[in-house]
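**Student:** Here it is, the structure, as structure tokens.
The values are calculated or read from the model by the stated rules, or taken from the named source; none is laboratory data. These figures come from a predicted structure and were not determined experimentally. Every residue, glycine among them, receives a Cβ derived from its backbone with ideal geometry; neighbour counts consider all protein chains shown. Note: accessible area is taken over every heavy atom of the protein model, side chains too, but ligands, DNA and RNA are not part of it. Shrake-Rupley method; radii C 1.70, N 1.55, O 1.52, S 1.80 Å.
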Amino acid sequence: MSADAAAAASVGKLVLDTGWLAARSTEVALTGVELTTTHPPDASVAAPWMHAAVPGTVLGTLLKNKLIPDPFYGLNNEAIIDIADSGREYYTFWFFTTFQCAPAGNRHVSLNFRGVNYSAEVYINGHKEILPKGMFRRHTLDITEVLHPEGSNLLAVLVHPPDHPGTIPPQGGQGGDHEIGKDVATQYVEGWDWMCPIRDRNTGIWDEVSICITGAVNITDPHLVSTFHDDFKRSYLHCTLQLENKSSWLADCSLKIQVSAELEGDICLVEHLQSYAISIPPRSVLEYTIPPLFFYKPNLWWPNGMGKQSLYNVEISVDVNGLGESDAWSHYFGFRKVESSIDDSTGGRIFKVNGEPIFIRGGNWILSDGLLRLTKKRYMTDIKFHADMNFNMLRCWGGGLAERPDFYHFCDVYGLMVWQEFWITGDVDGRGLPISNPDGPLDHALFLLCARDTVKLLRNHASLALWVGGNEQVPPIDINRALKNDLKLHPMFLSNQTTKNQGKYLSQDPTDPSKYLDGTRAYVQGSMWDGFADGKGNFTDGPYEIQYPESFFKNSFYKYGFNPEVGSVGVPVAATIRATMPPEGWSIPIFKKGIDGYIQEVPNPIWDYHKYIPYSKPGKVHDQIELYGHPKDLDDFCEKAQLINYVQYRALLEGWTSFMWTKFTGVLIWKTQNPWTGLRGQFYDHLQDQTAGFYGCRCAAEPIHVQLNLASYNIEVVNTTSDKLTDVAVEISVWDLDGASPYYKVTEKFVAPPKKVKQIMEMEYPKMKNAKPVYFLLLKLFRLSDKKVLSRNFYWLHLPGKDYKLLEEYRQRTIPLEIGSEISVLGGTYKVRMSIKNKSKKSAAESTTSVSTMEPEDGNGLHSISEKTTCVVQKSGLWSKIHRNIDLARSGDKPRTLEVKGTDSGVAFFLHFSVHTSESSTGENYRDTRILPVHYSDNYFSLMPGEKMTADISFEAPEGSKPRVILRGWNYHLNHAVMM
């Protein structure tokens, strides 16, 4: 036995995610037995074999080997043959790999597949096993007896596509011809009004493959549950798990559970370490419930914006007496209680976490990538982006995935509650055109098997808040009935019970809550039922198009308490258009003005294919881009689109929040991102570059927020937290395009109650005699005692009946700026702190009383940059650089500052950073020089005269690159770059 095989034989898990090969089944004449015995693929990887993407899909493998064009670029997808035309055999593929494992003694080995689409035949060292149908089920094979004693093993998997891949109608449609609904699989793959068809229907080994080595006894699917008493002072951790004894003898075991909390860095506090003696009969499975573990005032897990996301590490192991450790399992767990019920006053569904009502502001999630290139790194960025937008919930839409444990882990870490739907959609399952599959998938037992397995996979995640039967549809009667029964709440989690009377259930109900399949979170039968939309299943979600910003604040805009889907525009920055489309896709829409004065936008064919949503709605909404002046080219169009993205989505969330608890309990935006290079409904594009809408949401959804009601022009303060705000005031300043401040006021001191919207005063300026047609408004909510700014909100506004065309001339203003930077580097990770100050002079009245915007504190609690080197730059300068040579291990270089001379006074408008490599890109030889993703603490911001703001920027740079941070703005065009 080799050393590698011996190492692999120790108890633990080996993930098989490298070294895979693939080949089209019709091009391989050998059988699975031959491939895994006498004729394995040649190590030189000769045709028809190729390097494979595992986890991944067939299409991902073909793209990896450049055998198809990138389906998400331009119209390339049209050049890839669809499974409806090629037949299922074309996308039936062999996947092959080798691994080292030679267990000895009492070791047992299992081969585990966490997701295969759709069925497969597995061959290992000449032995065949079948993986039954179903995309959302786990498969475990005991391979102990078929492993080679010397440790070298051959594995081949023949993967078959879904049984009913369907046909894509010429007009496209929601879920194609709906045939995919006959299977238990993703439905979006036949295309939707926001998605192109996926040609292989996501066929492949799409999730983790692993080898698990255990002793005679293994641990299966522990269920962790926390219960609370005495207003969350006392808590119990419950756990039920299955222990399987694979041996032919009675196994006397020691079961251990350890619960620890991370204090700082790598230091952990062990809060519980318990051991239990258990005997397990031969060749049997024992369900064992660990006696509840008591915790006094545990650190609670809270949603984003409500508190910390405290997580405990729960480690469970089983030792067989005389033979040592047999198996081990661990999971991060959050102590929290989620309740969900219908609110009596609004009719909307209300969520409570740890007894506190949570006003839901979040988004709809399809999946990270349409080729299922799902990585921990991408998931981390995806979820952190949503937390950065101050969202607190994601809805996993029923036509997409049962999301993966990595997705949920980062939702646990960043505080995103998750509503997880099962695989039913109204469009495909009985309510779409053509009407089809009214009884859902053909195999109801398979659907329920996948549903129950998904529950076991995900139920220990603190972020998981709700199960829902389907999107805009309920499951078939028998499935729905079974899910209601399977997911019924344990009495301790019924929403009408309070923590004060829960104690009696410990004695009256003998069933430990961890013995339920779930029992801790509600099940709702469909996305428009029981507190969502009209609650009755009628199509009362939406709309999905451009709106006048003030419309969101009107009582008539939406009738019901919780809107599960409302969407709008989402054009990315121009660099993304150029990176994802050939030059013929760089032409902007044609603006056709009708006799009624409304503009119809006619996009080019590539934009149309990428599902572009216009910035106008003839007959309802005048073109919002045209308000700023007719766009000249792609850069101008996309820059103006970002202005609208910011305003549109800020208004959407501010409008909903204005009715917090009086009319609405929550809203979910359709949707937050696209799993491909789509041109609608997104806050960051598929390349993971944020739109300005990202920062409009970030502003609007902050837990404590000052805002302008665009319908009433009342200034409002929103307090979504559980704490009363005292000793606060609002500073109101108006600036015109000439750099003057014609209106300035600080309100009287007031108190903002918890979980309320407080009306402060009406905005007076628009009614003043000499009000300017276009003006800027800055609102600052601050604490009087220390002048700390709690919320800052900047608006650009026009008087009724006017537009923003005067801003076109404003581009020519040259505003003096002071730009500072601090950089630290660790390996390839860069952290940059940029400080920007508008050096324009303040007006006399405003300068004596204004509240400075506070900057993020550094590790020492300091706000200012102490050292600076000054460089004066004239407007004629082509590039202004702060250059330093940074060793990849260095950090803490001295701060640098440059001053940009400007002749005008006024607002530095719509400034935004981007990060690039040092490469150049010009003309049709376009090269996307952006480094992505990048996390910005703020972007797309504006600065009043005298105002200073700080932005923290972090990113990982490609090896060998020389990053640079570039600042641009509406009236700042010097492209100054901080070189690193």
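**Student:** If I filter region 934-968 down to residues being open to solvent by less than 30 Å² (accessible area, probe 1.4 Å) and touching a helix residue (DSSP H, G or I) at 6+ places or on another chain (Cβ under 7 Å), which single residue comes out as farthest from T814 (Cα to Cα)?
**Tutor:** It comes out as H935.
**Student:** I'd like to verify a number: residues in region 733-776 that are surrounded by 15 or more Cβ atoms within 10 Å (Cβ to Cβ), in contact with an Asp or Glu (Cβ under 9 Å, 6 or more places away or on another chain) and within 20 Å of A701 (Cα to Cα), how many?
**Tutor:** Total satisfying the criteria: 4.
**Student:** Something else about it: Please pick out the residue among S341, S330 that is under 22 Å from A522 (Cα atoms), surrounded by fewer than 20 Cβ atoms within 10 Å (Cβ to Cβ), out of contact with any His (no Cβ under 8 Å at 6 or more places or on another chain) and modelled with pLDDT of 95 or more. Break it down stepwise before answering.
**Tutor:** Values: S330 fails: under 22 Å from A522 (Cα atoms).
From the options S341, S330, the qualifying one is S341.
**Student:** Could you tell me whether region 777-792 includes any residue that is open to solvent by 20 Å² or more (accessible area, probe 1.4 Å), among the β-branched types (V, I, T) and under 33 Å from the mean Cα position of the chain (by Cα)?
**Tutor:** Kept after step one, since they are open to solvent by 20 Å² or more (accessible area, probe 1.4 Å), are these residues of region 777-792: 783-790, 792.
Okay, now just the ones that are also among the β-branched types (V, I, T), so 789.
If we keep only those that are under 33 Å from the mean Cα position of the chain (by Cα) as well, we get 789.
Within region 777-792 (the criterion being open to solvent by 20 Å² or more (accessible area, probe 1.4 Å), among the β-branched types (V, I, T) and under 33 Å from the mean Cα position of the chain (by Cα)), the answer is yes, since at least one residue qualifies.
**Student:** Oh, and also: Among the residues of region 88-107, are any hydroxyl-bearing (S, T, Y) and open to solvent by 60 Å² or more (accessible area, probe 1.4 Å)?
**Tutor:** Yes, there is a match, as at least one residue in region 88-107 is hydroxyl-bearing (S, T, Y) and open to solvent by 60 Å² or more (accessible area, probe 1.4 Å).
**Student:** Among (1) surrounded by fewer than 13 Cβ atoms within 10 Å (Cβ to Cβ); (2) at pLDDT 95 or above, there is one condition A43 misses while meeting the rest; what is its number?
**Tutor:** (2)
**Student:** Still on this model: What are the pairs, 6+ residues apart or on separate chains, where a residue within region 20-33 that is over 10 Å from W49 (Cβ atoms) has its Cβ under 7 Å from a residue that is among the small types (G, A, S)?
**Tutor:** Correct list of pairs: W20/A52; G32/A156; V33/G126.
**Student:** Filter region 303-326 down to residues that are within 23 Å of N245 (Cβ to Cβ) and open to solvent by 40 Å² or more (accessible area, probe 1.4 Å) and give me whichever is farthest from the chain's Cα centre (by Cα).
**Tutor:** G322
**Student:** Which condition number in (1) within 21 Å of F391 (Cα to Cα); (2) charged (D, E, K, R); (3) in contact with a helix residue (DSSP H, G or I) (Cβ under 9 Å, 6 or more places away or on another chain) is the one that R349 fails?
**Tutor:** (3)
**Student:** Suppose we filter V225, V209 for residues that are touching a residue at least 40 places away in the same chain (Cβ under 8 Å), in the same structural domain as P161 (by the TED database) and β-branched (V, I, T); which single one remains?
**Tutor:** Values: V225 fails: in the same structural domain as P161 (by the TED database).
Step by step, each of V225, V209 is checked, and only V209 is touching a residue at least 40 places away in the same chain (Cβ under 8 Å), in the same structural domain as P161 (by the TED database) and β-branched (V, I, T).
**Student:** Report, ordered by the first and then the second residue, all pairs with beta carbons closer than 6 Å, sequence separation of six or more or different chains, a first member in region 72-85 that is among the aromatic types (F, W, Y), and a second member that is crowded, with 16+ Cβ neighbours inside 10 Å.
**Tutor:** F72/W676; F72/T677; Y73/T580
**Student:** Pairs needed: first member in region 229-256, free of Cβ contacts under 8 Å to residues at least 40 places away in the same chain; second member anywhere, part of a strand (DSSP E or B) and open to solvent by 40 Å² or more (accessible area, probe 1.4 Å); C-beta distance under 9 Å; at least 6 residues apart or different chains.
**Tutor:** So the pair list comes out as L250/S279.
**Student:** Taking the condition of being surrounded by 22 or more Cβ atoms within 10 Å (Cβ to Cβ) and on the phi > 0 side of the Ramachandran plot, how many residues in region 192-226 meet it?
**Tutor:** Summing the residues that are surrounded by 22 or more Cβ atoms within 10 Å (Cβ to Cβ) and on the phi > 0 side of the Ramachandran plot in region 192-226 gives 3.
**Student:** Also, quick follow-up: Given the structure, is T61 under 19 Å from L372 (Cβ atoms), buried (at least 21 other Cβ atoms within 10 Å of the Cβ), modelled with pLDDT of 95 or more and β-branched (V, I, T)? Reasoning before the result, please.
**Tutor:** On the way: under 19 Å from L372 (Cβ atoms): yes; buried (at least 21 other Cβ atoms within 10 Å of the Cβ): yes; modelled with pLDDT of 95 or more: yes; β-branched (V, I, T): yes.
Against the criterion (under 19 Å from L372 (Cβ atoms), buried (at least 21 other Cβ atoms within 10 Å of the Cβ), modelled with pLDDT of 95 or more and β-branched (V, I, T)), T61 qualifies.
**Student:** Of the residues in region 78-114, how many are out of contact with any strand residue (DSSP E or B) (no Cβ under 8 Å at 6 or more places or on another chain), modelled with pLDDT of 95 or more and either of a type in the set (V, I, T) or at positive phi (or both)?
**Tutor:** 4
**Student:** State yes or no: is P165 in the same structural domain as P103 (by the TED database), open to solvent by 10 Å² or more (accessible area, probe 1.4 Å), free of Cβ contacts under 8 Å to residues at least 12 places away in the same chain and part of a loop (DSSP other than H, G, I, E, B)? Don't jump to the end; show me each part of the working.
**Tutor:** Values: in the same structural domain as P103 (by the TED database): yes; open to solvent by 10 Å² or more (accessible area, probe 1.4 Å): yes; free of Cβ contacts under 8 Å to residues at least 12 places away in the same chain: no; part of a loop (DSSP other than H, G, I, E, B): yes.
Considered against the rule, which asks whether it is in the same structural domain as P103 (by the TED database), open to solvent by 10 Å² or more (accessible area, probe 1.4 Å), free of Cβ contacts under 8 Å to residues at least 12 places away in the same chain and part of a loop (DSSP other than H, G, I, E, B), P165 comes out as no.
**Student:** Here is a follow-up. What number of residues within region 135-162 are out of contact with any strand residue (DSSP E or B) (no Cβ under 6 Å at 6 or more places or on another chain), of a type outside the set (D, E, K, R) and open to solvent by 40 Å² or more (accessible area, probe 1.4 Å)?
**Tutor:** Here is the first cut: in region 135-162, the ones out of contact with any strand residue (DSSP E or B) (no Cβ under 6 Å at 6 or more places or on another chain) are 136-138, 145, 148-150, 152, 161-162.
Cutting the leftovers down to of a type outside the set (D, E, K, R) gives us 136, 148-149, 152, 161-162.
Narrowing the set further to residues that are open to solvent by 40 Å² or more (accessible area, probe 1.4 Å) leaves 148-149, 152.
Of the residues in that region, 3 qualify.
**Student:** Still on this model: Determine which member of the set S791, S733, S741 is of a type outside the set (F, W, Y), under 23 Å from F941 (Cα atoms) and either part of a loop (DSSP other than H, G, I, E, B) or without any contact (Cβ under 8 Å) to a residue 24 or more places away in the chain (or both). Reasoning before the result, please.
**Tutor:** Details: S791 fails: either part of a loop (DSSP other than H, G, I, E, B) or without any contact (Cβ under 8 Å) to a residue 24 or more places away in the chain (or both); S733 fails: either part of a loop (DSSP other than H, G, I, E, B) or without any contact (Cβ under 8 Å) to a residue 24 or more places away in the chain (or both).
Step by step, each of S791, S733, S741 is checked, and only S741 is of a type outside the set (F, W, Y), under 23 Å from F941 (Cα atoms) and either part of a loop (DSSP other than H, G, I, E, B) or without any contact (Cβ under 8 Å) to a residue 24 or more places away in the chain (or both).
**Student:** If you go through region 574-585 one residue at a time, do you hit one that is more than 27 Å from L687 (Cβ to Cβ) and not in a strand (DSSP E or B)? Don't jump to the end; show me each part of the working.
**Tutor:** Let us first name the residues in region 574-585 that are more than 27 Å from L687 (Cβ to Cβ), namely none.
Checked region 574-585: no residue is more than 27 Å from L687 (Cβ to Cβ) and not in a strand (DSSP E or B).
**Student:** While we're looking at this one, here's another question. Of everything in region 404-444, what is free of Cβ contacts under 8 Å to residues at least 40 places away in the same chain and either open to solvent by 10 Å² or more (accessible area, probe 1.4 Å) or charged (D, E, K, R) (or both)? Give them in sequence order.
**Tutor:** Kept after step one, since they are free of Cβ contacts under 8 Å to residues at least 40 places away in the same chain, are these residues of region 404-444: 406-407, 410, 435, 438-439, 444.
Scanning region 404-444 gives D406, F410, I435, P438, D439, H444.
**Student:** Mind listing whichever residues of region 705-763 are closer than 21 Å to D786 by Cβ and either modelled with pLDDT under 95 or of a type in the set (A, V, I, L, M, F, W, C) (or both)?
**Tutor:** V706, V717, L725, V728, A729, V730, I732, V746, F750, V751, A752, I760
**Student:** Specify the residue that is nearest to P441 (Cα to Cα); the eligible residues are those in region 473-489 that are open to solvent by less than 20 Å² (accessible area, probe 1.4 Å) and touching a strand residue (DSSP E or B) at 6+ places or on another chain (Cβ under 8 Å).
**Tutor:** L483
**Student:** Find the helices (runs of 4 or more DSSP H) located wholly in region 590-701 whose residues include 2 or more that are among the basic types (K, R) and touching a residue at least 12 places away in the same chain (Cβ under 8 Å), and list them.
**Tutor:** By residue number, 634-658.
**Student:** Take region 691-718 and flag every residue that is open to solvent by 10 Å² or more (accessible area, probe 1.4 Å) and either under 13 Å from the mean Cα position of the chain (by Cα) or among the aromatic types (F, W, Y) (or both).
**Tutor:** Correct list: Y713 only.
**Student:** Right, here's the next one. I need the full set of residues from region 19-40 which are open to solvent by 30 Å² or more (accessible area, probe 1.4 Å) and not in a loop (DSSP other than H, G, I, E, B), in order please. Can you show your working first?
**Tutor:** To start, the set of residues in region 19-40 that are open to solvent by 30 Å² or more (accessible area, probe 1.4 Å) comprises 19, 26-27, 29-31, 33-34, 37-40.
Those that are open to solvent by 30 Å² or more (accessible area, probe 1.4 Å) and not in a loop (DSSP other than H, G, I, E, B): T26, E27, V33, E34.
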